[in-house]
Amino acid sequence: MRDIAVVASMQRQEKSIDNESEVEYMVPLMHGVKESIGITQADVGFTCSGSSDFIAGQAFSFVMTVDGANPVPPISESHVEMDGAWALYEAWVKMQMGEIDIALIYGYSKSSGGSLRDVLATQMDPYYVAPLWPDAFAIEALAARQLIESGKTSMEHLAELASRARDHAASNPNAVRTKAKSVADIMAEAPLMDPLRPSDIPASADGGCALILAAGDRARELCERPAWIRGIDHRTDAHTLGVRDLTTSMSARIAGEQAGVSDDKVDFAELYAPFTTSELVLTEALGLGDDTIINPSGGALSAHTMMASGLIRIAEAAQRITNGDGDRAVATAGSGPNLQQNLVCVLEGE
Amino acid sequence: MGYNQDPNVQPAALSGEVTMPAALAEVEPVQSVRTPAAIEYIATPGASLSAYLRAMKDKKILGDKCPVTGQVFVPPRGVSPVSGQRTTEMVEVADAGYVESFNITRLPIKSRPDLNPPYVSAWVVPDGANVGSISLVAGIEPEDVRIGLRVRAVWKPDDELEESAANILHWEPTGEPDVVLDDLRVIGKPGDAQ
Amino acid sequence: MVESTSDGVLRAPLTLEYPFTRTTGPVVGGFLTGLREGMVLGAKRADGTVLCPPLEYDPISSDPLTELVEVGQSGTVTTWTWNGEPRAQQPFDQPFAWAMITLDGADTPMLHGVFVDGPEAMSTGMRVSLQWKEEREGHIADIAGFVPEEAS
């Protein structure tokens with residue numbers, strides 16, 4: 001295996017970005033991340049992105065964003081209709097083949113133009129479920145009730161997670177839900193999608209993230225303390241809701257085992273947990289203990305940019321390692337209803 | 001029965017061997033299902049296209065200028081594909097130009113009942129722009145349209161103008177001599193980049 | 001159509017329409033045929049348990065599932081949430097509960113709506129009965145929804 005590290009990242013998340021198109025706000029990130037380490041597109045061997053036309057209702061929007069990756073002369077490029085974390089995985093695999101040393105990865109969406117929770121009904125089973133148009137909050141609420149009624153959590157515990165996320169988000173300039181709220185005040189919230197309360201559901205954002213991967217000595221040249229990817233794996237559960245145990249995540253557990261999460265102490269974890277309930281499921285599936293700080297950025301609960309939230313988890317974890325805030329971190333990305341797909345990435349400093 | 005790994009053997013479930021309760025044996029089987037979707041959004045065009053659309057209301061065509069190469073792109077997208085840079089300067093181009101390429105459509109399109117075949121869709125490059133966009137060319141027999149044809153924009157009446165590219169109904173011949181395209185202006189020639 | 005709103009941003013309504021017609025294959029088609037005829041079918045697995053709605057393949061063993069059997073039209077709610085205001089595209093015209101319902105004779109739950117007056121009338125483990133639409137075409141919404149068993 002080649003040693004591959006995150007050497008730089010840039011993100012932007014806001015409640016809604018009204019005055020710029022996706023390409024207009026992504027280009028400064030795509031350029032900025034390269035400029036921050038003194039490289040140009042000519043140094044980049046592979047460019048890979050994650051986005052979905054359904055989110056903003058813009059057909060082939062990713063083709064326009066490619067213009068910002070400077071495809072003249074033509075570049076080696078790929079796109080996934082997944083969170084940018086899966087674009088990172090594709091780039092990592094390509095780098096393992098030894099052909100390239102530097103990759104640019106980005107993920108983004110502008111969901112404010114539509115109703116994301118309803119748009120996401122289109123990802124459900126097209127015969128049995130999607131024609132009923134259950135929204136994304138309803139689907140998670142079904143899991144939430146089972147988690148509570150099975151005794152795995154309580155409304156109080158979920159409120160604690162929500163309150164802590166707000167506290168963490170307060171120091172994150174890219175978080176959009178940053179206002180402190182006590183457990184008691186969250187307990188007093190009326191349910192939005194019973195039993196989920198407004199503080200249990202994600203603060204939706206427009207935005208994106210651009211990130212640079214580099215291999216071996218090239219990574220050491222570009223970054224004082226690269227965040228080395230020591231393990232990365234992704235798994236999917238069955239699509240059909242009725243055949244899964246929604247109170248657990250087998251895909252996250254297996255991906256975590258494959259990535260080697262439990263091989264050593266985890267200083268902090270950035271989990272793709274748009275809901276308080278998803279944080280609970282992931283923490284258990286990955287076997288994270290009390291000695292791990294969960295979502296120091298405030299997590300996807302505090303700012304959820306669809307198609308970028310997972311990549312942003314990796315960027316946040318890597319940045320903390322580069323800053324020397326810790327030595328070993330776990331980042332996850334997710335996709336699909338009730339965390340159907342999970343990607344787990346273990347990052348370490350030297 | 002394990003997972004069928006021989007690609008030449010069709011899995012049982014796909015070969016029609018599904019058994020049904022006897023009560024359904026004689027009825028017409030459902031073979032397809034209609035699951036239409038209509039998803040509503042509010043589109044926001046971004047800074048560059050907004051300026052372009054606003055100028056359209058004044059019968060002006062704006063393009064983006066590449067800060068590196070000086071090339072002008074219409075319609076503007078806020079980024080130059082040649083340099084990959086965010087564009088910072090917008091320039092007005094003429095509402096006259098030439099046909100760089102075209103096709104003749106002879107089949108009706110469901111979503112555009114206003115277009116009566118045969119009609120001409122052309123790549124029109126306004127004077128002052130390096131890259132143009134697709135537009136309708138009318139006021140000429142389709143068979144007479146040619147590469148290099150000089151055209152001018154035909155605008156909607158002033159009281160119907162809004163922030164829309166549809167303000168240009170179509171482009172029509174000016175009667176000027178054709179432009180001679182002795183060199184295909186291919187974006188992306190070596191040396192264009194960075 | 002285009003609006004320049006108070007914040008100076010141009011906005012225009014945009015509707016993306018997908019006129020999907022999907023082919024079903026014999027398993028999904030069999031289930032939808034059953035709905036049209038007023039029956040609910042599940043797929044029998046090798047261990048005798050029944051998946052409802054049926055899938056073409058067993059999600060655990062990958063075995064093809066080829067035997068469709070009738071299941072009951074009453075069942076048990078395994079989890080639920082309250083959908084106070086029907087959302088634009090939903091085929092329901094009143095507030096309802098989303099529920100996962102394991103029909104009698106089936107071993108996996110299916111998603112559908114339950115009509116009750118409010119969330120206080122819902123509970124996990126409650127018994128519900130299926131209500132058919134009068135005109136059926138072979139579609140998941142041929143099931144109008146479910147109601148508490150005693151009310152049916």
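At a glance:
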{"item": "Around A:Thr322: net Lys/Arg minus Asp/Glu count, Cβ-Cβ under 10 Å", "result": "0"}
{"item": "Cα long-axis angle, helix B:47-57 against chain B (0 to 90 degrees, to the nearest 10)", "result": "60"}
{"item": "Choice from C:Glu120, C:Glu137, C:Glu70 showing the highest fluctuation, given a GNM over chain C with Cα pairs closer than 10 Å", "result": "C:Glu120"}
{"item": "P(r) weight above 14 Å for the stretch A:213-289, C-alpha pairs, percent", "result": "68"}
{"item": "Separation of alpha-carbon centers, the stretch A:36-80 and the stretch A:184-253, rounded to whole Å", "result": "22"}
{"item": "Ratio of the Cα radius of gyration of the stretch A:1-128 to 2.2 N^0.38 Å, where N counts its residues", "result": "1.12"}
{"item": "Chain A - mean residue ellipticity at 222 nm from DSSP helices (-39,500 (n - 2.57) per run, n ≥ 4, rounded to 500)", "result": "-10000 deg cm²/dmol"}
{"item": "Set of aspartates and glutamates near A:Lys181 by C-alpha distance (under 15 Å), chain-local residues within fewer than 8 positions excluded", "result": "A:Glu156, A:Glu160, A:Asp167, A:Glu189, A:Asp200"}
{"item": "Inverse of mean 1/r across different Cα pairs in chain C, Kirkwood, Å", "result": "17.4"}
{"item": "Helix runs (DSSP H) in chain A reaching 15 Å along axis by Cα, Kyte-Doolittle at least -1.0", "result": "A:22-35, A:84-96, A:136-149, A:155-169, A:309-322"}
{"item": "Debye, to nearest 20: dipole size of the stretch A:75-196, +1 on Lys, Arg Cβ, -1 on Asp, Glu Cβ", "result": "380"}
{"item": "C:Arg136-A:Met97 pseudo-label distance in nm [points 7 Å out on the Cα-to-Cβ vector]", "result": "5.2"}
{"item": "Charge dipole of the stretch B:30-122 about the Cα centre (unit charges at C-beta), most positive-ward option of B:Ala43, B:Gly63, B:Ser32", "result": "B:Ser32"}
{"item": "GNM result for chain A, Cα springs below 10 Å: residue of A:Val80, A:Val66, A:Val93 fluctuating most strongly", "result": "A:Val93"}
{"item": "Cβ-based charge dipole, the stretch A:228-348, positive-most Cα from A:Met250, A:Gln319, A:Gly260", "result": "A:Met250"}
{"item": "Label-point separation, A:Thr122 to B:Lys156 (7 Å along Cα→Cβ), nm", "result": "2.7"}
{"item": "Charge dipole of the protein assembly as shown about the Cα centre (unit charges at C-beta), most positive-ward option of C:Ala99, A:Phe54, A:Met193", "result": "A:Phe54"}
{"item": "Stretchable slack from A:Met1 to A:Phe60, in nm (0.36 nm times residue separation minus alpha-carbon distance)", "result": "17.7 nm"}
{"item": "Per-residue average of Cβ from other chains inside 10 Å of A:227-240", "result": "1"}
{"item": "Zero-based 5 Å bins, Cα pair distances in the stretch A:124-200, whole percents", "result": "3, 15, 20, 19, 17, 12, 8, 4, 1"}
{"item": "Convex hull volume per residue in cubic angstrom - Cα atoms of the protein assembly as shown", "result": "198"}
{"item": "Base-10 log of normalised Debye intensity for chain A (one unit scatterer per alpha-carbon) at q = 0.09, 0.13 Å⁻¹", "result": "-0.44, -0.94"}
{"item": "Rh by Kirkwood over Cα pairs, then Stokes-Einstein D for the stretch A:228-348 at 1.567 mPa s and 4 °C, µm²/s", "result": "94"}
{"item": "Pairwise FRET efficiency - A:Glu350 versus A:Ala238, Cβ, R0 = 41 Å, nearest 0.05", "result": "0.55"}
{"item": "On Cα atoms only, tilt of C:25-36 relative to the major axis of chain C in degrees", "result": "80"}
{"item": "Unit charges on C-beta of K, R, D, E only; dipole of the protein assembly as shown, Debye", "result": "720"}
{"item": "Convex hull projection area averaged over all views, the stretch C:78-152, Cα basis, nm²", "result": "5.3"}
{"item": "Dipole magnitude of the stretch A:208-278 about its Cα centre (Cβ charges: Lys, Arg +1; Asp, Glu -1), debye to nearest 20", "result": "100"}
{"item": "Residue of C:Leu103, C:Leu32, C:Leu14 that the Gaussian network model of chain C assigns the largest fluctuation, springs spanning Cα pairs under 10 Å", "result": "C:Leu14"}
{"item": "Against the rule of thumb 2.2 N^0.38 Å, how large the Cα Rg of chain B comes out", "result": "1.57"}
{"item": "Spacing of the two label points (7 Å from each Cα toward its C-beta) at A:Asp167 and C:Glu120, in nm", "result": "3.6"}
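Any read-out appearing in this document is the output of simple, stated calculations on the displayed coordinates, not a laboratory observation. These numbers were taken from a predicted model, which means no experiment stands behind them. All Cβ positions, glycine included, derive from the backbone under ideal geometry; neighbour counts span all protein chains shown.
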